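To start, the structure itself, in structure tokens.
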Amino acid sequence: MTWKELTDIEQVHTLISHSFQVPCLLFKPSTTCSISFMAKSRLEANWNFDADRMESYYVDVKLMRPISLFI
């Protein structure tokens, strides 16, 4: 599983457009939350999609607060 980090709002607009061609997972974890850590670990352990079937993106809700709020 390869995470692509969203670091600006323009990437979010691009992701939305891109999601019409390829399904996209958007995960908004908090790096200090144990529940977020566990959810991310379980996703990674059980992920069985090829990158061309589903892409995975994340936004760190603490570091990228404006983007997280925009989403």
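The values are calculated or read from the model by the stated rules, or taken from the named source; none is laboratory data. For clarity, every value in this text was computed on a predicted model and none was experimentally measured. Don't worry about glycine lacking a Cβ; one is built from the backbone with ideal geometry, like all the others, and counts go over all protein chains shown. Areas reflect the complete protein model, heavy atoms only, side chains present, ligands, DNA and RNA absent. Shrake-Rupley method; radii C 1.70, N 1.55, O 1.52, S 1.80 Å.
Assorted remarks:
- Measuring r between the beta carbons of THR7 and MET54 and using R0 = 22 Å, the FRET efficiency lands at 0.60.
- Computed from point charges on the beta carbon alone (+1 for Lys and Arg, -1 for Asp and Glu), the dipole magnitude for the chain about its Cα centre is near 300 Debye.
- Peptides ranked, highest mean first, by Cβ atoms within 10 Å: ranges 31-40, 4-13, 59-68: 59-68, 4-13, 31-40
- The accessible surface of the stretch 1-66, taken with every protein chain in place and a 1.4 Å probe, is 57 percent carbon and sulfur.
- Per residue, in Å², the accessible surface of the chain once ligands and nucleic acids are set aside, probe 1.4 Å: 70 Å²
- Each 10 Å bin from 0 upward holds the following percent of the Cα-Cα pairs of the chain: 19, 51, 29, 1.
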